1. Which distance in Å, rounded to a whole number, links the C-alpha centroids of region B:56-100 and region A:67-92?
2. Quick one: if the Förster radius is 30 Å, what FRET efficiency do A:SER39 and A:HIS97 give, using the C-beta to C-beta distance and rounding to 0.05?
3. With all protein chains present and a 1.4 Å probe, how do A:LYS85, A:LYS100 order by accessible area, largest first?
4. Counting only the heavy atoms of the protein chains, how much of A:ILE16 is accessible to a 1.4 Å probe, in Å² to the nearest 10?
5. By the scheme Lys and Arg +1, Asp and Glu -1, what is the net charge of all other residues having a beta-carbon under 15 Å from that of B:GLU85?
6. Counting partner chain Cβ atoms within 10 Å of every residue's Cβ in B:76-87, what's the average?
7. For B:CYS12, A:CYS59, give the ranking by accessible area with the largest first, probe 1.4 Å.
8. Ordering A:HIS81, B:HIS88, A:HIS97 from largest to smallest accessible area (1.4 angstrom probe), what's the sequence?
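The values are calculated or read from the model by the stated rules, or taken from the named source; none is laboratory data. As the structure is a computational prediction, the values presented were derived from the model and not from experiment. Reconstructed Cβ throughout: ideal geometry from the backbone, glycine too, with neighbour counts over all protein chains shown. Calculation scope for accessible area: heavy atoms of the full protein, side chains included, ligands and nucleic acids excluded. Shrake-Rupley method; radii C 1.70, N 1.55, O 1.52, S 1.80 Å.
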Amino acid sequence: MDGGDVDGGVGGGGGIEKDEEAEERTELLRDRFRLSVISIANAEAKKLDMEASEPVVACVADLAFKYTEQLARDVELFAQHAGRKSVNMEDIILSAHRNKHLTGLLRSFSQELKGKGPQTERKRKKSSKKEDKAIPS
Amino acid sequence: MEEETFDPELICSIFKLVWSRRATERNESIEVVDVEVGDRTKKNRQTTANSNALKLSCELIRIFVTEAVQRSGMIAEAEGINKIEPTHLERVLPQLLLDF
């Protein structure tokens, strides 16, 4: 690979090579991501006694990857808006604000992550059923 | 039942990639990055995420995937088929994208 070591080296320019490297990294991550999606999607289909066809899983993987990239952009903006450099759980929860049910799920999950420790000042507004799956069956 | 989920490290790497891409875009339009400090200048330190936020993101993306499969599965089931095909996913896609 010509251009040598791009990381932390020359600032500003060196545009094209940096882009190519970023693209390669993206492809690598996309592949790893796809593998995870394949296993999650197939496990989920199995739970439904069904099988997910290949194109469906590939499509879901692509969608989920794009969603992840969008999520990254969103939470970065939220953190910056709050004057922070570090994204925290509230930023993630905020990204789901359009879907009340999803917000509730995330909030309960976040409570679990915080541990059995002290309840934060944010009381759980929605009744959070921890085992609740999103689909009304 | 063991829940399959994403590796927080993987999600972290993806986030970082997106953030550094954005930082580069910003730097090119605002100012040249300070050579000594690389991409960690005082003004333009890269965004990071705390570990709980990463785990929560893994959960969020996992829910996205399971929702897509579950909703498509419901359509397939309604048709009496037990294999989820692209047409089933197509049906649920608009609402799925609106919900997330």
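1. First find each Cα centre; the distance between them is then 26 Å.
2. 0.55
3. Heavy-atom accessible area, descending, gives A:LYS100, A:LYS85.
4. Its heavy atoms expose roughly 130 Å² to the probe.
5. Taking every other residue near B:GLU85 into account, the sum is -2.
6. 4
7. The ranking, largest first, comes out as A:CYS59, B:CYS12.
8. Result, largest first: A:HIS81, A:HIS97, B:HIS88.
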